[in-house]
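The values are calculated or read from the model by the stated rules, or taken from the named source; none is laboratory data. Predicted model, so just to flag it, every value in this text is computed and none were measured. Methodologically, a virtual Cβ is constructed for each residue, glycine included, from the backbone with ideal geometry; neighbour enumeration extends over all protein chains shown. We work out accessible area using only protein heavy atoms, side chains counted, and drop any ligands, DNA or RNA first. Shrake-Rupley method; radii C 1.70, N 1.55, O 1.52, S 1.80 Å.
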Amino acid sequence: MKPAPFAYERPRDLDAALSMLAASGGSAKVIAGGQSLGPMLNLRLVQPELIVDISGLAELKRAEVSRGELVLGALVTHADIEDGRTADVTRGAMRGVAANIAYRAVRNRGTIGGSLSHADPAADWISALAALGARVTLRSLAGARTMAIEAFVVGALESALRAGEIVEAIHVPSRAASAHWGYAKSCRKTGEFAHAIAAVLIDPTAASARVVIGAIDTTPIVVTDAAELFGGRIAGDYKQCFDIRVADALLAKAGIDDAAQRHIHVSVLKRALLEAAA
Amino acid sequence: MTTIALQVNRRAVEISAEPRTSLADFVRDGLDLTGTHLGCEHGVCGACTVLLDGVPARSCITYAVACAGADITTIEGLDEDEVTTELRAAFTREHALQCGYCTPGMLVSARDLVLRLPDADERRIRVGLSGNLCRCTGYVGIVRAVQSVIEARRARNIAPLADGGRTILGPAGSGRATSGQNGPQPATQALAAASDSVAPGAIPDFTPATVLNQRFTLPHAPAKVFAMFDDVAGVASCLPGVSLKAPPTPERVEGAIRVRLGPIAASFEGAARVERDPATFSGRIIGIGTDQRSRSATQGEIRYRLLPLEGGAATAVELSIGYTLSGMLAQVGRPGLVRDLAKRLVAEFAGNLDRHLSGTAPGQATAAELSFWSMISEVLHARLVRMFGRVFTGKDGAE
Amino acid sequence: MKEGAGLRNEREFPSGKSGQGVGARLPRKEDDRLMRGRGQYVADIRLAGLQDVAFVRSPLAHARIRGIHVPERYRGSVFTAADLGGIKPIRAVSGLPGFKISEQPVLATGKVRQVGELVAMCLAPTRAEAEDIAASVTLDLEELPAVYDMLKAREPGSALVHEHWGDNVFLETNYEVDISVALDAPIKVTREISTARQCMSPLEGRGVVATFDRRLDQLTLHSAAQMPHITRSGLAECLGMEEGQIRVISPDVGGGFGHKGILLPEEVCLSWLAMQRGHPVRWLEDRREHLVASSNCREHHYKITVYADRDGTLRGIDCEATVDSGAYSSYPFSACLEAAQIASILPGPYKMPAYRCRTFSVATNKCPILPYRGVARTGVCFALELMLDLVAAEAGLEPGEVRLRNLVLPEQMPFDNITRKHFDSGDYPEAMRRALAAIDVDSIRAKQRLGEVDGRRIGVGVSIYCEQAAHGTSVYSGWGIPMVPGHEQASARLTPDGGLELRVGVHSHGQGMETTLAQVAHEILGVDVAKIRIILGDTAMTPYSTGTWGSRSMVMAGGAVATACRELGERARRIGAKLLQHDPAAVVLQNGEVRGVNGSVNIQTIAHTWYRRPQDLPADVDPGGLEVTQGYKPVRDSGTFSYAAHAAVVAVDPDVGEVEILDYVIVEDGGVLVNPQVVDGQIYGGLAQGIGTALYEEMPFDASGQPLATTLADYLLPGPTEVPAARLDHMETPSPYTQFGVKGIGEGGAIAPPAAIANAVNDALRPLGVELMQSPITPHRVVEAVLAARATERSAA
């Protein structure tokens, strides 16, 4: 189980990396920690002519709080977040998510930017960051653009990245002191891909809620105005008001035609709500 | 080949290897450090775990070239290590190993837990070790051994490693190299065209593993719509990613379909035969194709039936799309991912067909596909056939 | 999870003279090298000129080969069946009447019959380059309908795996003891029960390094193998060579579990290639190959009826069992190893007056099934123990009570059951009673009445089995497969410095035999375990043996080592008597010394004198020397019967489908334990695999015969958080037929867990009307069943 041969470039800076990607005409793949791409290369599911290794780029290793939001460079690893080497504006929410991604040896190399770029529906960040209201900055030689996470993920393993473009940074807004956070996932075993994820950010004071149902084999369901899930209004009793029929209908609309699967997703969402309300 | 310089077990080494060489193969084959074991080569089992700049990493999915300048420690480099020595004593006391194959990776991960988590209870130890599989021991002895070492060190008031053993951000092992490359461009492999081997008439009937149904209406009479299906090239080109090798005959079409699921790309080359039944305004296109790279094959079938609406002024087009996939791409575990692509691919096809038959301009995304003499760009993505998944209008057939 | 306090048996066996003999919890001799990365597995062997092989494998389950196209530049590096002149296919024929023969070509000819079947062999300096070549080879295949469902495969009109058979049945067997007397029983429960196809998944895959020595005219095959001597016989048959021309070496082996007990087509291919090329060649099975192509086991289906009286007394069992044997019959165990055994072992440790079982070994377009830890027993235990819980529910009894009513009693030992299995010893009801007490069924029932605060339901389940081990000639001769075990040999040699070398034909792949066989020798000779070396895994260095399988090694090789050491001790004693100038009748060997009334001489001195100072020995000394080979067979060769009662408490979330094991108890009787810590390790490890069977492991196929779990992200192996720290209790009823009273215990841990866990899950969900009769019990299956039960309830309401 060895990869097909590929050429390898280690650009000295971000501009050089972008130039290499632009020059490759789509035949290059970007590698950072390689925790998703590595297995696919080894299985020969992916056979790029050129690998552009961005893991050394200092520009992508920043973590700073500016104007009330946390800006994380794409190369920040899950372990960096888990260990608190990066600042936290989510009052522990991101640390909790990071600590339960795969295994420690994977977290030591796997990056937040790589995880987003891979857009695996079963991965944690695309759901968690969508619930936190995060945005992502993409950069190519043509310049930068920024979009919400939920706009960035367009399908299973399918992101909004264009040829020649890479994830540069993730912007995470501060979590309000009054906002409750709940994150639940069901995995058949510890560290494996989740088959159901739910992330909720609920602020009863502001009567706002973001609810994400993930790991549904397609773009996570992101409900930015979640009042409907709670009988039309969001207040301190949201746990009691949760309407499972609405959640079930959302899942059915997203194409989940297996009732047991829908039931599991709704039940995991209930868990996340319980955690938020605890 | 490229020269890779790094430190292994406190010794500077410089060895030439291909960029595709994993760190595990690099230390095993290049340095004869065979204590690092390969158990799965896709990052799950943990047998290959080594220390990379002091923290555990999977050496099977980390390429040696990406570790240039980094500091690597394998099990052989932990012979005199204090924590590992304590762990070895505990492992043998608690019968924490049987065949020994997982043991080096297990010790590397256990050492990390001991250093990072001085307060870990049994549950945390189990979670902490969950990235290392053992098929022999049932983990009982391993957990007891790690717990005993943690407790002994706690009793001796040994402080945990600050910052999880790292002070800088980014992937362990990264950022220590000077920039540069590389190695020569690999020779692109010339692959035989599979379609050459598909003899005329050799396209067999088959029972699709998955069938999707779709329906739309057109403001034309059935006979007119049926005639439009004569334009095989036009119909084929509505399928995203299709390119034709030559002008089709009324009975046969040859070409390729390119599909993509994330970083996975496949190009199925093959041929299809075309059948029409004017009596029932129905027909089918049945094809077979092979992707040489992934040694995967597909059979696909598009059935259509035209039903008069509004007294024959309009037509309901009933499409039934079925497929079977075999080979490596069929065996990729997570078929659920495919369903998502399926929806988009089939929706796109039906939409394009609707527009094509209606005579309206195709959507922007499909413009390239309509130029069917050229290779199609990867604008629309989908992993072929099996990826057609189910779920579309809810009228699925058997899977 | 409860701590194991009070139940773990830490008892030292008293005969360990210096804490090293039989019964000592001795740390293992093999650990140190393995913990320092100094073990040597096949992949670690370095030979000058070594080249790597990658195989082109069939992507289709069933197809006719129309052509194999090799690019011009790689001709000479790619080998197909057309190149392998004179190599015979692998044939493993059972002597049971009606068995149909399959021939497995080592490289496919004409047809491919499974995904992953070998089609071409590609040679290059590295594995990566060999895979490049393999990727360039194109196959022209005409796909045929795949036989993927064993029940459909039995129906007339099914596609055929082997056309000339006319059907897809390797073997059908029938066994009956007057079932008619059971038919009027007041309780009659019928169900269909199935177990998933699994992959054994040792962490190390198979691996082969082959090299040919022209001077010796000898092929040396290094192979990760459990049974090197059997591998040699199989190779000789396929290659048309004399066995003496072949040496098989099995170095450190990273787990076997049955997977490494068969002759591989790869072994034959690599042997041929090494002889053809004159340089060493290597193939290492990667995980994908393991999962897709070469390790399948345990896909069973049962249609079973249990008859019982109102008080739970068994009246009879009627069963039709089908096993998916895959495409070919594997050497040496054959395609009927599971199904044909089912008929004889289904009754387990229970008494019953009537019994009927019909079995089918069915050929399909899947990987051939291989023996996996607990061969056939795991499925049988699952089927019968699930049924007994249903009988208990019908009778309104506790499941434990139904077992106690029907288990064979200690006063009946030795006992011949309804299928004429000969139980050597044991107290099965006592094991069950202890398990029930330890798991505390009453407290679980009380908790169930209170209901669970976290929305989960708890349940308790039990199961019990017997494990026939160390099957001998009388068991296997009737089966008539290429391998019939006979006598086991061991060689024992004192070295000039008083050390002991033992040579055995079994192998150790985690079982710790370098330690436990040394303990046996120490028990007899008193030589320090540190000075005893065990030599195994090499046909040139060890006596013939069928190898390590069927939980036989401690019974058979342990017995042989004891016998050889006794003879060696006798020789040493006689030499010692000469040195002490005593009548041999007046001296004894004790604690490594020959003692007489006026002095003693230790073994070290005896050995030194024998080898280095023969001039000190009188002329009339027996010239036999200090090196012996002795054979051994238990008093009865029908096998030892170890057994265990398992009890599990689970919590099931009916809405998410997650199952957590809250407590697990095993009360085990493996006869006398040579090293209780090693035995514990076998049981804990078996339990982990049993949990895999119960909850996680499944190799699914689609309708075209494509295997769908091709990575360890799809084929889930239990990790540290999935396996609880079980509580163990040992009973140690000696076998009357073996040395020291030992019994085989290697497989047992993996047999009972699926049944105990499924029974616990069903116990938890029974109030909801849910019944799960299929392994593994996945979250999806749980929730699906819960929703179906709710729908039934609604429609009934």
Report the per residue volume, in Å³, of the convex hull enclosing the C-alpha atoms of the range A:7-53. 65
If we restrict to alpha carbons, what Rg and Dmax does the protein assembly as shown come to, in Å? 32.8, 122
For the residue pair B:GLU251 and C:ARG613, what label-to-label distance in nm results when each label sits 7 Å from Cα along the Cα-to-beta-carbon direction? 10.0
In chain C, whole DSSP H helices that both stretch 15 Å or further along their axis by alpha carbon positions and average at least -0.5 on the Kyte-Doolittle scale are C:228-239, C:265-277, C:377-395, C:428-439, C:513-525, C:553-580, C:676-691, C:753-765, C:779-796
Please give the total accessible area that chains C and B bury against each other, computed with a 1.4 Å probe and expressed in Å² to the nearest 100. 5700
Mind checking the full-extension length gain between C:THR629 and C:ARG64? Use 0.36 nm per residue of separation minus the Cα-Cα distance, one decimal, nm. 198.2 nm
For the range C:80-125 and the range B:141-178, compute the distance between their C-alpha centroids and round to whole Å. 51
Distance in nm between B:THR217 and B:ARG124 label points, each 7 Å along Cα→Cβ, equals 6.6
At 10 °C and 1.306 mPa s, the Stokes-Einstein diffusion coefficient in µm²/s for the range C:406-446, with hydrodynamic radius from the Kirkwood sum on alpha carbon pairs, is 136
If we count every other residue with Cβ under 12 angstrom of A:ASP225's Cβ, Lys/Arg +1 and Asp/Glu -1, where does the sum land? +1
Sulfur and carbon atoms: percent of accessible area, the range C:90-180 [1.4 Å]: 53
Please give me the summed charge of the neighbours of C:ARG298: other residues whose Cβ is under 14 Å from its Cβ, Lys and Arg +1, Asp and Glu -1. -2
For the range C:507-599, what is the charge dipole size about the Cα centre, in debye to the nearest 20, if Lys and Arg each add +1 at the Cβ and Asp and Glu each add -1 at the Cβ? 160
Dipole magnitude of the protein assembly as shown about its Cα centre (Cβ charges: Lys, Arg +1; Asp, Glu -1), debye to nearest 20: 920
Directionally averaged shadow of the range B:80-165, computed from the convex hull of its alpha-carbon atoms, nm²: 5.2
Loop by DSSP (not H, G, I, E, B), at most 16 other beta-carbon atoms within 10 Å: where is the longest site-free stretch of chain C for GluC sites (Glu not before Pro)? C:453-797
R0 = 41 Å: FRET efficiency of C:GLN276 with C:GLU155, Cβ-based, nearest 0.05? 0.35
Under a straight-distance cross-link criterion of Cα-Cα below 29 Å, which lysines are reachable from B:LYS224, leaving out those fewer than 8 residues away in the same chain? B:LYS245, B:LYS343, B:LYS395
In Å, the Kirkwood estimate of hydrodynamic radius for the range C:448-546 over Cα pairs equals 17.4
Centre separation in Å (Cα based) which lies between the range C:378-418 and the range B:52-119: 47
Over the range B:1-79, what portion of Cα pair distances is larger than 20 Å, expressed as a whole percent? 18
If Lys and Arg each add +1 and Asp and Glu each add -1, what is the summed charge of the other residues whose beta carbon sits under 9 Å from the beta carbon of A:VAL52? 0
D for the range C:487-632, whole µm²/s, Stokes-Einstein with Kirkwood Rh over alpha-carbon pairs at 4 °C and 1.567 mPa s: what number? 84
Asserting the computed 222 nm helical MRE of chain C (DSSP H runs at least 4 long, -39500 (n - 2.57) per run, divided by residue count, to nearest 500) equals -8000 deg cm²/dmol
How high is the FRET efficiency from A:ALA151 to C:ALA437, r the C-beta distance, R0 45 Å, rounded to 0.05? 0.15
Note to self: C-alpha centroids of the range C:718-762 and the range C:662-681 sit apart, in Å, by 7
Any idea what angle helix A:244-253 forms with the longest principal axis of chain A, computed on alpha-carbon atoms, 0 to 90 degrees, nearest 10? 40
Cα-based Rg then Dmax for the range C:305-363, in Å, read 14.2, 46
Rotationally averaged projected area of the range C:223-310 (alpha carbon convex hull; nm²): 9.7
Using 0.36 nm times the number of residues separating B:ALA227 and B:ARG154, minus their current alpha carbon distance, what extension gain do you get? 18.0 nm
Length gained if A:LYS253 through A:ARG95 is fully extended, taking 0.36 nm per residue and subtracting the Cα-Cα distance, is 53.7 nm
Radius of gyration and Dmax over the Cα atoms of chain C, both given in Å: 27.6, 99
If R0 is 41 Å, what FRET efficiency do you get for C:LEU50 and A:ALA16 from their C-beta distance, rounded to 0.05? 0.55
Any number yet on Rg/Rh for the range A:58-173, C-alpha, Kirkwood? 0.93
Just to check, using Stokes-Einstein with a Kirkwood Rh over alpha carbon pairs, what's the diffusion coefficient of the range C:547-687 at 20 °C and 1.002 mPa s in µm²/s? 110
Could you work out the Rg to Rh ratio of the range C:655-797, with Rh taken as the Kirkwood radius (inverse of the mean 1/r over all Cα pairs)? 1.08
Apportionment of accessible area to carbon and sulfur, the range A:7-53, percent (1.4 Å): 46
For B:ARG10 and C:VAL621, extending 7 Å from Cα along the Cα-Cβ vector and measuring point to point gives, in nm, a value of 5.1
Of C:LYS29/C:LYS88; A:LYS185/C:LYS188; C:LYS100/C:LYS303; C:LYS88/C:LYS743; C:LYS188/C:LYS366; C:LYS351/C:LYS633, which pairs sit farther than 32 Å apart, going by alpha carbon to alpha carbon? C:LYS29/C:LYS88; A:LYS185/C:LYS188; C:LYS88/C:LYS743; C:LYS188/C:LYS366
When Rg is the radius of gyration of the Cα atoms in the range C:8-138 and Rh is its Kirkwood radius, what does Rg/Rh come to? 1.23
From the C-alpha gyration tensor of chain A, square roots of 5λ in Å: 33, 21, 16
